[in-house]
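The values are calculated or read from the model by the stated rules, or taken from the named source; none is laboratory data. What you are looking at is a predicted structure, and each value in this text was computed from that prediction instead of being measured. FYI the Cβ positions are ideal-geometry reconstructions off the backbone, even for glycines, and counts take in every protein chain you see. Areas reflect the complete protein model, heavy atoms only, side chains present, ligands, DNA and RNA absent. Shrake-Rupley method; radii C 1.70, N 1.55, O 1.52, S 1.80 Å.
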Amino acid sequence: MSRKPCSPPVPAYGRNMRAPLLPTSPGFWRSPLRGPWFTSVLGVVLLGGITVLFVTGLVSYAAYNPGLSPVNEKTPDKGLLGFYLFVWPTDPPWLYRLTQGVHVTLGIVLIPVLLAKLWSVLPRLFTLPPVRSLAHALERISLLLLVGGALFEFTTGVLNVQLEYLFPGSFYPLHFYGAWVFFAAFVTHAVLRVPAALRNLRHLRDEDSDLVSPAPAPPTFSRRGALGFVGGGSLLLLVTTAGRSFDGPLRQTALLAPHGGPEPGSGPGGFQINKTAASRGISTTETSDEAWRLVIEGPGRTVRLSRAELLRLPLHNAALPIACVEGWSTSDQSWRGVRLRDLAALVGYESDAPPDVLVESLQRHGAFRRAALRDNQVGDPRALLALFVNGAPLTPDHGYPARIIVPAAPGVLNTKWVARMTFGDL
Amino acid sequence: MRRSAMRRLPLRRYMGSPFPLLLLACSFALAGYAGVRLFADDWFSVALWFVGAALVHDLVLLPLYAGADRVVTRALGVLGRREWTVFVRVPAAFSGLLLLIWFPLISGQAADRYRSATALSGDGFLSRWLLITAVLFGGSAVALLLRSARLRRTTKERSPVVH
């Protein structure tokens, strides 16, 4: 910090000289911070960060196995946009917990960088002449898709994790198709601008840019200070958000993020709940021992089992997390129940060649009251129809009498209050 | 030959160079492919959100916070304390950022749905945000005091040598 303490006061702008009133005039923009270097640093951070967001977003889309069955498919018209879909693995079991935790937490952490980047280039919105050539006009339209797309994606994501469904339509198609519109503009912008950004980062002097104010106000911040300010905002968001991917004291550090703070309860079933039984209209009469029966269907065979009969089947343990598309997750919980492939065997399938399964819940409403699992998920020895968690019977909010738990699957595919399972190729 | 070269020059000026044009055409084609799917259900509302997000940010949110910053800088400048700006800007911006992102939870408008779905309390967010805001401004005040104390000390130590 070598700023001279005794430099003469810069004459106050405003008394004798009038600052231009219109934002189309370069003199309107007074901040001494604006310039290619500042914009380029933020741009390069966003280039890396948004690429990770896009990839983890596509990964999450694939994790739902949308091509497997219409019940998993929230975007049936995806066409070529699902070109990369692959069989979602069950290993490592924390895979979705990691990719989706990164997607949401990184998205939140990047918000200050995005806002700073948009601030740094705002004078260009008012540039004159508004259009210099056909290429310039098209680039400006592309920038509308870029800025509108970025804000659309961040806004829908931030609202969705807070269960505030204000956006016009279902989150899945909006966020998925919106991401592709945004990404088309993002790649173009990156190809057109990254070479200049890298040049700017190598050469620290940037007086000859349209972003530099011709009549800068005296600084209140160094450029490094401004970057520290942006980074500090990101750091604040990181430390008040990241804890929602862990149990216990770490979750308490997620002070403002949904599913942060204290756990919903104590004891074996005290961990995070996505949707409570009451909110899904699940009553204790329909889950009681007298009323509830699990219907297992296979080709030409149907089996009905009470909970007591399920308990007489071989029970196995699996330590698996719950990981939600909203970015929160729990640590490993200790589940105990019947292997899905053993249930498939009850309706005639060989244990070593299990089929896909369609799982239906008692719940009558909700986008994921039915979910399909692929044969690799059914065949995994850790994939259970869980009856116990952490040594106690499931609580109603965690899916009593029985719920699915599959390694690495997104939370909503771990159907709760299971009523019917239909094995067969989907 | 020469004539066509002379003609090409203004054309290129109005068109721009070919590589960006091709790239933009490719980009619009992909955006269009995804866009017809994005707009399939309720095109007007989605378009409103897409374009509105950019307009609200550029023409409302940004002018608001930049204007507030300018007011603070000027006011402190009038008091002869322009260098204090940072100590107001940083906590105010961080607090505002948290409010902006978590507004549905902090304002309580999502509280009922949140409590019903997750069995977690939806009420603590406002008080937690206020406490974080208090810590941010308090920390900034302490930093300002420390800075003033250090400046006083260094000027005291230096003054006999300098003058």
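Miscellaneous remarks
- Within the protein assembly as shown, antiparallel bridges make up roughly 90 percent of the DSSP beta bridges whose residues both belong there.
- Each part gets one Cα centre, and for segment B:91-163 versus segment A:294-338 those centres are 45 Å apart.
- Accessible surface, segment A:199-338, averaged per residue in Å² (probe 1.4 Å): 46 Å²
- Percent accessible area from carbon and sulfur atoms, chain A, protein chains only, probe 1.4 Å: 63 percent
- Working note: Karplus 6.51/-1.76/1.60 with θ = phi - 60° gives segment A:323-332 the couplings 10, 9, 4, 6, x, 7, 7, 10, 5, 4 Hz, where Gly and Pro are set to x.
- The GluC sites (Glu not before Pro) of segment A:270-351 that meet both conditions, a loop assignment by DSSP and at most 10 other Cβ atoms within 10 Å of the site Cβ, are A:GLU290, A:GLU350.
- The apolar share of the surface of segment B:28-163, taken as the fraction of accessible area on carbon and sulfur atoms (1.4 Å probe, ligands and nucleic acids excluded), comes to 70 percent.
- Three-way shape label, segment B:1-112, alpha-carbon gyration tensor, a/c 1.5: oblate
- FRET efficiency for B:LEU100 and A:LEU80, using Cβ-Cβ distance with R0 set to 41 Å, rounded to 0.05: 0.70
- Cα-based Rg of segment A:301-381 normalised by 2.2 N^0.38 Å, two decimals: 1.22
- Our Cα-only numbers for the protein assembly as shown put the radius of gyration and Dmax at 28.6, 102 Å.
- Gain on full stretching of the segment that runs from A:PHE126 to A:VAL303 - 0.36 nm per residue minus C-alpha separation: 56.8 nm
- Cleavage-rule hits (trypsin sites (Lys or Arg not before Pro)) in segment A:345-426: DSSP loop, at most 11 neighbouring Cβ within 10 angstrom: A:ARG364
- Chain B against chain A buries an accessible area of about 6200 Å², both chains summed, 1.4 Å probe radius.
- Panel note: contact residues of segment A:168-205 (accessible area lowered by at least 50 Å² against the chain on its own; 1.4 Å probe) correspond to A:PRO168, A:TYR177, A:VAL181, A:ALA184, A:THR188, A:LEU192.
- Taking all protein chains into account, the per residue accessible area for chain B stands at 65 Å² (1.4 Å probe).
- Within chain B, helix-based [θ] at 222 nm, where runs of 4 or more DSSP H residues each add -39,500 (n - 2.57), nearest 500: -27500 deg cm²/dmol
- For trypsin sites (Lys or Arg not before Pro), the sites in segment A:270-357 that DSSP calls loop and that have at most 10 other Cβ atoms within 10 Å are A:ARG312.
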